[in-house]
Amino acid sequence: MPYFKWKGVNLCGDIQHGVLRARSLLDLDEQLLRKEIGLMRAQLKKPIFFSRVSLSMQVTFFRQLAILVNAGVYIDRAISLLAKQTTHRVFRELLEDVSADVQHGASLGQSLKSAQLFDLIVIQMIQAGQDAGKLPQALEMISDYVESKEQFYKKLRSAALIPTITFAAFIIIALFIMVSIVPPLSALFSSSGQELPKLTHCMLQISTLLTSINGFVLLAGIGAAFFIFRLLTKRFVMSDRIVLVVPIFGQLMKDSSAAYYLYAAGLLIYGRVNVVQALNVARSSIKNRWLSQQFSVLESMVDRGVALSQSLEEIGLVGPDVCGMVMVGEQAGNMGFMVMRAADLYKQRINRKLLIISSLVQPILMIVLALLILGLILAVYMPLFNLSSVIT
């Protein structure tokens, strides 16, 4: 149920405003009339307390819902019970709306789609499970899908956390040295009249730049360039292609996208969704636009009657081992299961790459940062040593 920011007038002629949940403008008008307030204007608005519903909460919800439905509890009643158990205000209100929609005759898939919380893959899988009379099994498979996505994101964050914190700490320390410590030393070095080492001279120039108006101009220019770059990447599809060319990380992004595309497609095919429709829905999980275009070519080939394994081999986004597994599934009549197993193969490959990257990047980054810190120390102390020899 959406939120509306409204403005109205009461019986005394006083202007009032606020935020209310309502199914429509008509429902909002009726709520305000019961409070003796006439609606003047309203617009859709997200609540101030809105926060993202985590993947772990979604996993718990689907697993508990599968247990309750499998035990014979009506869907609307099961969702209502789960809504009372959650402490997340937004999630609880969304579940209450879904329960009310289901109670009034809407399907679970349609209700969850109107809540705009879950992705299209989840909605299609629930719809397929309801049509086949296997909703508990579909909910369990959705739980596995969301949980695998959560675990993958956790591994990505853990692999990038320590290098990011280390690099950020170095930047903060370097800025502190350049802004607070180096300027007083600059006057001391200038008064000594001695020739400064190139490293120290470079450090003094950087410090002067950061402590002057030119430093603010430079930072503003970098911020503007980053903003323009973000606009260009959102506008042009080729920018997504360039990202995939980046060594190591580009291949990692390509493999992860292919893994989740295959897993989502296999999940839907296993749930008796049409192959072309399953591929089309699975493409919604692809954030890279260039890859999305390539997978749309795959859909058109399958729609023309080309086998999925042959289509995967021709677009060249997956390896021959994956194509072989899909071919085995086609011949055995169990394509959905084999496509999911192929996706698991890709996930294992990604996990190994993440382990290697995290094992190599962290020590390399520590060595680089140690060298940079050593450079800063030498740039500061070398002139001081020379100055002490001049004094003696």
Task: Cα radius of gyration and Dmax for segment 5-121 (Å) - done: 17.1, 55
- [ ] Under 11 Å from the Cβ of Q16, count the other residues' Cβ atoms, weight Lys and Arg +1, Asp and Glu -1, and hand me the total.
- [x] 0
Open item on the list: What number results when the radius of gyration of segment 3-44, computed over Cα atoms, is divided by 2.2 N^0.38 Å?
Closed with: 1.01
TODO: Kindly rank 288-299, 6-17, 254-265 from highest to lowest mean number of other beta carbons found within 10 Å of each residue.
DONE: 254-265, 288-299, 6-17
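What ranking of R241, R272 emerges when the number of other C-beta atoms within 10 Å of each C-beta is taken as an exposure proxy, fewest first? Please list the in-between numbers first.
Details: R241 16, R272 13.
The most exposed by this proxy come first: R272, R241.
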Task: Gyration tensor (alpha-carbon) shape descriptor, segment 138-217, a/c threshold 1.5 - done: prolate
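Give me R34, R349 ranked fewest to most by other Cβ atoms within 10 Å of their Cβ, as a rough exposure proxy. Don't skip to the end; give the middle numbers.
Details: R34 8, R349 17.
In increasing order of surrounding Cβ atoms, one gets R34, R349.
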Task: T86 long-range amide H proximity, modeled H, under 5 Å - done: none
- [ ] Please report, in cubic angstrom per residue, the volume enclosed by the convex hull of the alpha-carbon atoms of segment 53-118.
- [x] 73
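Could you sort 316-326, 213-223, 121-131 so that the peptide with the highest average Cβ count within 10 Å comes first and the rest follow in order? Please report the intermediate quantities before stating the final value.
Values: 316-326: 18.2, 213-223: 11.0, 121-131: 21.9.
The densest-packed peptide leads the list: 121-131, 316-326, 213-223.
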Open item on the list: Please report the antiparallel percentage of the DSSP beta bridges confined to segment 3-44, to the nearest 5.
Closed with: 100
TODO: Using only the Cα atoms, work out Rg/Rh for the chain, with Rh taken as the Kirkwood radius, to two decimals.
DONE: 1.12
Open item on the list: Using only the alpha-carbon atoms, what does segment 100-149 span along each of its principal axes? Please give whole angstrom values in decreasing order.
Closed with: 33, 24, 14
Open item on the list: Under 8 Å for C-alpha pairs, at least 6 residues apart: give me the relative contact order for the chain, rounded to a whole percent.
Closed with: 14
Task: Helix axis angle, 198-210 relative to the chain longest principal axis, alpha carbon, degrees - done: 60
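Here, each number is a calculation from the coordinates, and none is a lab measurement. In this text the structure is predicted, and so the values were computed from the model without any measurement. Every residue, glycine as well, gets a Cβ built from its backbone with ideal geometry; the counts of neighbours run over all protein chains shown.
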